[in-house]
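J.: My questions will all concern the structure given below.
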Amino acid sequence: MSGTDPTHAATTRTRTEGPFVAAIDQGTTSTRCLIFDAAGQVVASDRREHRQILPRPGWIEHDATEIWAKVRAVAAGALARAGLRPDQLTALGIANQRETTVLWDRATGRPVHNALVWQDTRTAGLCTELAGTYGQDRFREATGLPLAPYFSGPKIAWLLEHVPGLRHRAENGEIAFGTIDSWLIWNLTGGTGGGVHVTDVSNAARTLLMDLHTLDWDPAILAEMGIPEALLPRIRPSCEIYGKATGKLAGVPVAAALGDQQAALFGQTCFDLGEAKNTYGPGSFLLLNTGGRPVPSASGLLTTVAHQLGGERPVYALEGSIAITGALVEWLRDRLQIIRRLEEIEPLAASVPDSGGAYVVPAFSGLFAPYWRSDARGVIAGLTAYVTKAHLARAVLEATSWQTREVVDAMQRDSGVRIGALRADGGMTGNGLLMQHQADVLGVPVIRPVVAETTSLGAAYAAGLATGVWDGTDTLRAHWREDTRWSPAMPEEVRAREYRRWKKAVERTLGWMDEDEPAPQAR
């Protein structure tokens, strides 16, 4: 990671002529609003962090009301810095952290509990119970997903079970569920005064409740999890006018929603079969466009919906989801206090030639792709008296590269497509040491585009398509430009040796949590 990490950051650039499209990028640690011009260039932005609530080990929550307040603040901030009025925005698109689960009272608009974040593992026991004798892939044929705490469905079931009186209220239609896109669209379009309760296919595909083939909620899975359909939003295309904003953004069409990783794939203009990107944020997510059909995975990947434009058929993707990458650097700063600011990690790690034989495997919430092991916990392996804080800093960065290598290997096995180059985006691409190591361990070039804010750009592109700012994906593709390319320089024998050692370190994480260990009690 590079650059500063304030709770409130803003960007302003020379303003061009309209039309202008805004994107709300609601992420795991912060919320941003970016305004783009017709050439896909950033005009202005604003960003604010929100709290990470950690009531117990493995439990991670957000205050959805705080997130909504941050959305309003960054939208106002970006408009002020751009010197624009809300009526000068042609459209607003949303990219959001996926799987994070909010349940709220339709009458009051208040959440009934803190949002359960995608990294939260409290539903591990429930997932084991649902798997039963069927196994972790019980619902994979319909949903493309394994049974894992990552996804929204088990989080809904947990809340219904543990919040007193909630199930009865949900069955009576008093409660609404949403991933963050639904929560924001409902509030933007009026909330208790007529807010629209919808989600898009890319977010619905992350709930473990939607059938990939029908693009509708699966009644059999809802019954198995005990989730009333009255809770759920309508599933709509990713690119469509859902309604018009009220309040300070009154009249602006809310015209797109995409899960953040699908938005980044869209912003990287990976519209064709075989094109792939990796986003380096708190977690990292590699998506490969598989075209108009869902491709089953035998290698621990997720089959998901990439996007759906208007009334067109959906586009599908294979995804490798890594829980902890950039968040590991934040852990080094916030918990171990080895660095004071995120940008300090690169010079510290660069002060040594390698990690000194140390490996950090950040299975803080279990392992995601390609393992899907909720019983795993993080380890630091290969420690000797030689290892310094600089070696640990380097091992922290290299953990991102090695986890990505495992996902790329799995993706190439499933798809039969060899990735010849990797398009990269997200905050960690500002770290040149990490990007070079990534190219080295993959053995292919890693390429960063000129506009690195591809998640926000993808949401803006989709909203602009829905409102006629752009006339098609070919126009969007013409905007993409290469900024920096890192080419592999590591000898093959070194790459193979260090990868073997990484695999040994991963093995040490497995089975740490015992099956008979009592689950944490509800608050």
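Readers should treat all values here as calculations from the given coordinates under stated rules, not as data from a laboratory. Bear in mind that the values here come from a model prediction, so they are computed numbers and not experimental data. All Cβ positions, even for glycine, are placed from backbone atoms using ideal geometry, and neighbour counts span all protein chains on display.
J.: Once you order the gyration tensor axes a ≥ b ≥ c over the Cα atoms, which shape class does the stretch 194-271 get: rounded for a/c under 1.5, otherwise prolate or oblate by comparing a/b with b/c?
T.: Since a/c reaches 1.5 but b/c is at least a/b, the shape of the stretch 194-271 is classed as oblate.
J.: Test of understanding: ordering Ser321, Ser456 by Cβ neighbours within 10 Å, fewest first, what list do you get?
T.: Going from sparsest to densest Cβ surroundings: Ser321, Ser456.
J.: Rounded to the nearest 5, what is the percent of antiparallel bridges among the DSSP beta bridges in the chain?
T.: Counting DSSP beta bridges with both partners in the chain, the antiparallel share is about 70 percent.
J.: Are there DSSP H segments in the chain that both extend 30 Å or more along their axis (alpha-carbon positions) and score a mean Kyte-Doolittle hydropathy of at least -1.0? List them, or say none.
T.: Length and hydropathy pass: 389-415.
J.: Sorted from fewest to most neighbouring beta carbons within 10 Å, what does the list Met225, Met490, Met435, Met210 look like?
T.: Result, fewest neighbours first: Met490, Met225, Met435, Met210.
J.: Let me make sure I get this right: for the stretch 131-249, a, b and c are the square roots of the gyration tensor eigenvalues over alpha carbons, sorted descending. Under 1.5 in a/c it's rounded, otherwise prolate if a/b > b/c, else oblate. Which is it?
T.: Oblate is the answer for the stretch 131-249, as a/c is 1.5 or above yet b/c matches or exceeds a/b.
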